[in-house]
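Only one structure is covered here, and it is reproduced in the block below.
Read the figures in this text as sums done on the coordinates, not as results from a lab. Treat the numbers as computed from the prediction; the structure is a model and nothing was measured. Cβ: placed from backbone, ideal geometry, glycine included. Neighbour counts: every protein chain shown.
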Amino acid sequence: MPVVSQTVRVKVLFFGRLKEIAGQGEDSAEIAAGATIEQLFTVFTSRRPELAKFRASLAASRNQEFAAWSTPLHTGDEVAFLPPVSGG
Amino acid sequence: MTVPLHDDQILFTREAIEAAALIGHVRGAEDGAVVTFDGCVRNHSHGRPTLYLDYEAYESMALVKMQEIAVEMHTKFPIHRVAMAHRLGRLQIGETSVFIAVSSPHRPAAFEACRFAIDTLKRTVPIWKKEYFEGGAVWADGELPPVPAEAPARKSAS
């Protein structure tokens, strides 16, 4: 086992009302290797507590596929937090 | 050069959608029907007059999702071609936000496929609209896309 904990850098996208709350549509985060999408989200709720109340009504994607919140992340992944969709 | 399995046309645009071009794209000599859906900006929402709408999308993912819908349409229904265009940016009342055209040799398939396409798009494609009215704006109520409940089983290290 490595002595130094490894981290991975991921790209993070926000859309719709989340983008307005996050203050920007695109960000990045350094998280522990193997951390999940759920854990990534908490990085941002600690910065912007208002985001937390939207958790129950969000979907997430990893590399442009809808993904479970328990999905582990890898370096270079693109994660998006998606409010209920309203196209058409 | 490979020949595409289906010559469908799926796109986003920030200009007015050219419906005639989309219809022209799907219409072939073997077709007996072209069914279209023209989704347009309504002048009211929740009993309140709407001024205009702003649309945004996770474009790269949304395009893939729309292409997947087209593939599924061909799997489910005996249709010929699909054209699907969604507009982004600011739209005024009466303008077309989404246009779908489906051709088929016989009309039932085109009707059913077109209905399937717009219903699935509204549920699964990452697009959002903000409604502006006198004195404010709200993000439209949407649908939560179907998302896997569990992460896929860990792949063996390669």
Convex hull (Cα only) mean projected area of the stretch A:7-82, reported in nm² to one decimal: 4.2
In this model, which of B:K65/B:K130; B:K76/B:K122; B:K76/B:K129; A:K19/A:K53; A:K53/B:K129 are farther than 25 Å apart at the alpha-carbon? B:K76/B:K129
Shielding score for B:35-45, defined as the mean number of other chain Cβ atoms within 10 Å: 0
For peptide B:139-149, compute the average count of partner chain beta-carbon atoms within 10 Å of each residue's beta-carbon. 6
Three-way shape label, the protein assembly as shown, alpha-carbon gyration tensor, a/c 1.5: oblate
CD proxy, 222 nm, chain B: helix-only mean residue ellipticity via -39,500 (n - 2.57) per DSSP H run with n ≥ 4, per residue, nearest 500, stands at -9000 deg cm²/dmol
Counting DSSP beta bridges with both partners in the protein assembly as shown, what percentage is antiparallel, nearest 5? 85
Once you place label points 7 Å from the Cα toward the Cβ at B:N43 and A:S46, how far apart are they in nm? 5.2
With θ taken as phi - 60° and the coefficients 6.51, -1.76 and 1.60, list the Karplus ³J(HN,Hα) couplings across the stretch A:43-55 in order, rounded to whole Hz; mark glycine and proline as x. 4, 7, 5, 6, 7, 10, x, 4, 5, 4, 5, 8, 3
With unit charges on the beta carbons (Lys and Arg positive, Asp and Glu negative) and the dipole taken about the Cα centre of chain B, which residue among B:M84, B:S97, B:G142 sits farthest to the positive side? B:G142
Residues whose modelled amide H sits under 5 Å from the amide H of A:D77, counting only those 5 or more places away in sequence or on another chain, are A:K11
Of B:V125, B:V64, B:V102, which is the most mobile in a GNM of chain B whose springs link Cα atoms less than 10 angstrom apart? B:V64
Amide H proximity to B:S45 below 5 Å, modelled H, separation 5+ or other chain, gives B:T50
I'd like the mean, over residues of B:118-130, of how many other protein chain beta carbons sit within 10 Å of each residue's own Cβ. 5
